[in-house]
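Trainee: I have a structure here, written as structure tokens, and I will follow up with some questions on it.
The values are calculated or read from the model by the stated rules, or taken from the named source; none is laboratory data. In this text, all values refer to a predicted model and were calculated from it rather than measured experimentally. Every residue, glycine as well, gets a Cβ built from its backbone with ideal geometry; the counts of neighbours run over all protein chains shown. Side chains are part of the model used for accessible areas, which takes the heavy atoms of the whole protein and leaves out ligands, DNA and RNA. Shrake-Rupley method; radii C 1.70, N 1.55, O 1.52, S 1.80 Å.
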Amino acid sequence: MPRWKVLLPLLLTFVVASHAWAQAILPREVRERILQAVVEVRPYDMAGNRFAGTSGSGTIVSPDGFVLTNFHVVGDNDTGRAYEWQGIFVTDPRSPDLEPEFRYWARFVAGDPRQDLAIVHIVEDAEERPLPADFTFVSMPVGDSNSLIPGDPITVVGYPGISGSTITFTSGIVSGFLGEDLSAGGKQWIKTDAKLARGNSGGAAFDDNGLLVGIPTLRVQTTDESYIEQQDYLRPISLAWPLLTAHVANVNRSGGLGSQVASVAPTPAIPPTPTPVVPTPTPTPTQTAPAVGSLLLSQRGALGPGNETLDSGEYLAFHEVELTAGAPVAIELSSGAFDVYLAVLDPADQIVLEVDDSPGYGSDVAEGFVPAVSGRYTLVVTSYAPGEAGDYLLQVAASGEAVGPTGPTTLPGELLLAERGVLGAADFTLDGGEYVDVYTVRLAAGVPVWFEATSGEFDVYLVVLGPDDEIVLEVDDSAGYGLDVATSLVPPATGEYLVAVTSAFGGETGAYTLTARTGNGGTVAGIVGSGTPPAMAGASGLVGPVALGEQVRAELTGTFESAAFHTYFVDVPAGTPALTVEMTADADLDLFLKYGSETVALGDEGDWDYRDVDVANRAVLTVPAPQPGRWYVDVVWLDGGLDTARYALRVR
């Protein structure tokens, strides 16, 4: 047979494949838009008064200048700390052959070190002049990464550095998907054969419609003698939605979880036509919000094969609740069996809230929400990863400014204050030009209170004054929370306290949220066991008991001299099928477990029974058929310096 006949099938395959790629090339107008929206991000070291020497990429995802990038581009994943300011360098679409120009300053807004994702906001030009209020950026629409399948075309854009200092496009396909550990099944990573290099981190991966579906994040390379294996990974955009929904009000969304759950949400039954009656004249009642603290929904359920299922494999459960426009509610969703994920749809089936993990709550969700319209809302309970199943508890309570008790009768996790506000020129102004909003809340002496104040638009500053008008708490930034505040207070006296929200710098404006609840970041009473008060002090030592099925949250302060630790104990009854201890933190903490007595040596030859010392902000230990009796749990920071870490510990 002539050689050309042997080669013909291969040649035809190449021609067909080449034609397919030609069809996948993005239109010129889309590429011109990408040239302006994908930017280079260079963190600025305030202490050294210079750029930090590292850089990455980012994508503008809203017309008001919010940029999505990797956390490791703007901060340190191990410590959870980020640079406050970043220089934004932009390519002129008329001269893509030139290096990007330094055009703007952006401030860190929020980040998720575990997912390696972050958001920064462009607020000033390169000369440090605030941008006009009506300034509009070219931004890219965000798509639905859950709809991708292997073989779909991908265009990767960023500033890899190794290819020169100019913006670079590479193309490839979706090679497949992987779980968080880069080996198990799941959709926490998208594999691609598109070329990535170090400066691509935080940039963009677009589908064939020009929608942002991934963030170039990781490249793994191994060498077996002379053979080199390499795989590049993207973070799917679905993992960024908790950050985007919480901090970017006008991101352009195209598809996603909201549209999927709306399509499978149960259709409400049509009520029968009532028999006409002659109405008795009565005054028309005015619609009023539920009383603060009233429980609107408390539902235990389970995810599993009997539920509706997303295309990507996550189970769905639906709950409905009547909400009143403008009346704040607190929503909490917890599970000891799987990593929960919450979506809320309004009466028009439009997604209005979508959350994976709430800061300080491990893998659980605890969020405030203000309904825009009155009516029946659908709460969708699903999981972070496909196929996850198990029991959960969902609670919705009316929130707002509580009157509070006259004595220390509150329970850990009770919501005392939930406010959404806006700082602006209409507010009271300090001598330094900072605007101030003030709220009143009644606190009980000796009952710990956890305050959180967050904003995606300015650097929040929180001040609390006691009944004698003396300052009892004053916080700028809380460790691990970027520009936000999350901190605890033990009120010295019972009475009315003033809570003031202001900014770190004069003239800063924007929206914010403020919450106060009893405990050190505790949950709504009853969600996770008896509500044992968590450790308030960060110093090492024995904290006390924790019950099966319970979760506690605490702060641990590191030390230079030795490992810092908190020790808990749990009494395990006979016949317990398994004992599982799970810890999540905003730093690299470790977990140790021992039966019968406390651990006194943590090294490789120590006296512990079980330990998890992986380099990660999460640790899990499971003991099948544990020996009945007292088990001791140690949360350990081996190299914390003098920093403070927050963690959540669950025993089940």
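Trainee: Checking the condition within 32 Å of the chain's Cα centre (by Cα), in a loop (DSSP other than H, G, I, E, B) and at negative phi, which residue from Asp634, Asp604, Asp614 passes?
Mentor: Asp614
Trainee: May I ask you to list pairs of residues, at least six apart or on different chains, whose Cβ atoms are under 9 Å apart, with the first in the range 562-574 being without any contact (Cβ under 8 Å) to a residue 60 or more places away in the chain and over 13 Å from Asp590 (Cβ atoms) and the second being among the hydroxyl-bearing types (Ser, Thr, Tyr) and in a loop (DSSP other than H, G, I, E, B)?
Mentor: Ser562/Ser540
Trainee: Can you find, within the range 598-630, the residue that is farthest from Ala585 (Cα to Cα) among those that are open to solvent by 50 Å² or more (accessible area, probe 1.4 Å) and of a type in the set (S, T, N, Q)?
Mentor: Step by step, filter the range 598-630, then rank; the result is Gln627.
Trainee: What number of residues in the range 71-106 are among the β-branched types (Val, Ile, Thr) and more than 12 Å from Gln36 (Cβ to Cβ)?
Mentor: Result for the range 71-106: 3.
Trainee: Tell me which strands (runs of 3 or more DSSP E) are completely within the range 286-362 and hold 3 or more residues being open to solvent by 30 Å² or more (accessible area, probe 1.4 Å) and at pLDDT 85 or above, or say none if there are none.
Mentor: Details: elements: 295-303, 315-323, 329-334, 340-345, 351-355.
In the range 286-362, 315-323 are the strands (runs of 3 or more DSSP E) which contain 3 or more residues that are open to solvent by 30 Å² or more (accessible area, probe 1.4 Å) and at pLDDT 85 or above.
Trainee: Here is a further query. Scan the range 147-173 residue by residue and report those that are under 25 Å from the mean Cα position of the chain (by Cα) and open to solvent by less than 30 Å² (accessible area, probe 1.4 Å).
Mentor: Leu148, Val156, Val157, Gly158, listed by residue number.
Trainee: Something else now. Taking the range 422-448 as the search range and keeping residues that are within 29 Å of the chain's Cα centre (by Cα) and at pLDDT below 85, which one is surrounded by the most Cβ atoms within 10 Å (Cβ to Cβ)?
Mentor: Selected residue: Val447.
Trainee: May I pose another question? Would you list the strands (runs of 3 or more DSSP E) that sit entirely within the range 15-78 and hold 1 or more residues that are open to solvent by 60 Å² or more (accessible area, probe 1.4 Å) and at pLDDT 85 or above?
Mentor: It comes to 38-45.
Trainee: From the set of residues in the range 188-206 that are farther than 17 Å from Leu35 by Cα and open to solvent by less than 40 Å² (accessible area, probe 1.4 Å), which is modelled with the lowest pLDDT?
Mentor: Ala197
Trainee: I've got another one for you. Go through Ser363, Ser374, Ser334 for me and flag whichever is over 20 Å from His247 (Cα atoms) and within 21 Å of the chain's Cα centre (by Cα).
Mentor: Ser334
Trainee: Within the set of pairs 6+ apart or on separate chains, which have a first residue in the range 45-61 that is without any contact (Cβ under 8 Å) to a residue 12 or more places away in the chain, a second that is buried (at least 16 other Cβ atoms within 10 Å of the Cβ), and C-beta atoms under 6 Å apart?
Mentor: none
Trainee: Within the range 634-652, can one find any residue that is of a type in the set (Asp, Glu), over 17 Å from Glu555 (Cα atoms) and modelled with pLDDT of 90 or more? Let's see the steps before the verdict.
Mentor: Initially, the range 634-652 is screened for residues of a type in the set (Asp, Glu), giving 634, 639, 643.
Of the ones still in play, those that are also over 17 Å from Glu555 (Cα atoms) are none.
Among the residues of the range 634-652, not one is of a type in the set (Asp, Glu), over 17 Å from Glu555 (Cα atoms) and modelled with pLDDT of 90 or more, which makes the answer no.
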